[in-house]
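Note sheet for the following structure.
The values are calculated or read from the model by the stated rules, or taken from the named source; none is laboratory data. No experiment lies behind these values; they were computed from the predicted model shown. In this analysis, Cβ positions are derived from the backbone assuming ideal geometry, glycine residues included, and neighbour counts consider all displayed protein chains.
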Amino acid sequence: MAKIEDFLSKAGEAEVVAAIQKAEQKTSGEIRVHIEHSCKGDIWARAMEVFHLLKMDNTKEDNGVLIYVAVDDRQFVIYGDKGINEAVPKDFWETTKEAIVAQFKKGDFKQGLIDGILRAGHELQEHFPWSGDKNELSDKISK
């Protein structure tokens, strides 16, 4: 079993959190990253479970985005709530996944997460511009 710290160092984690904060500056949308060793089952089911546990399904405009990573399984899911799913182009999640995979294949997990976060943030800004609301969810990476 790999250490989650080997996947993302403390400094890398800080950069990912900074990317989340940057991505959320001009949107009411919420982005979270969750990292764990293994999903122990269906990765989509686990991502939906984590989405619920992190209360991402309680955002005002249903515009939460979760990047869920199962390190040992070498798998990840980008899960968007119904508000963002209805707003983005049909191929958006696939192209975002490809951007993340391109960096993951190079072993640059931090940059893969940052690329995905910034792409999601751009779409959120376009469809859910910031309207003076408060940050509904923590920007910290959950584990």
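Would you check if A87 is at pLDDT 95 or above, of a type in the set (G, A, S) and over 14 Å from the mean Cα position of the chain (by Cα)? Here the answer is no, as A87 does not meet what is asked.
Scanning the range 4-62 for residues that are modelled with pLDDT under 95, charged (D, E, K, R) and surrounded by 19 or more Cβ atoms within 10 Å (Cβ to Cβ) yields E13, E24, E30, E61.
For (1) among the β-branched types (V, I, T); (2) closer than 21 Å to K105 by Cβ, each residue gets a yes or a no:
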site	(1), (2)
I35	yes, yes
S38	no, yes
E49	no, no
K55	no, no
E61	no, no
D72	no, yes
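For the range 89-110, the candidate set comprises residues that are surrounded by fewer than 20 Cβ atoms within 10 Å (Cβ to Cβ) and among the β-branched types (V, I, T); within that set, the residue that is farthest from V16 (Cα to Cα) is T95. Of all the residues in the range 43-83, those that are free of Cβ contacts under 8 Å to residues at least 60 places away in the same chain, in a helix (DSSP H, G or I) and β-branched (V, I, T) number 1.
Each row is one residue, and each column tells you yes or no for (1) touching an Asp or Glu at 6+ places or on another chain (Cβ under 8 Å); (2) within 17 Å of K97 (Cβ to Cβ).
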| residue | (1), (2) |
| --- | --- |
| Q25 | no, no |
| G29 | yes, no |
| V33 | no, yes |
| M48 | no, yes |
| N63 | yes, no |
| I67 | no, yes |
| F76 | no, yes |
| Y79 | no, yes |
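Just one residue in the set K40, K110 is touching a Gly at 6+ places or on another chain (Cβ under 7 Å) and either closer than 24 Å to E5 by Cα or free of Cβ contacts under 8 Å to residues at least 12 places away in the same chain (or both); that residue is K110.
Residues that are crowded, with 20+ Cβ neighbours inside 10 Å and either at pLDDT below 90 or assigned to a helix (DSSP H, G or I) (or both) within the range 116-136 comprise G116, I117, R119, A120, G121, E123, L124, listed in sequence order. Whether a residue is among the charged types (D, E, K, R) and under 14 Å from the mean Cα position of the chain (by Cα) was assessed, and E49 does not pass this test. Here E13 fits the description: in a helix (DSSP H, G or I) and acidic (D, E).
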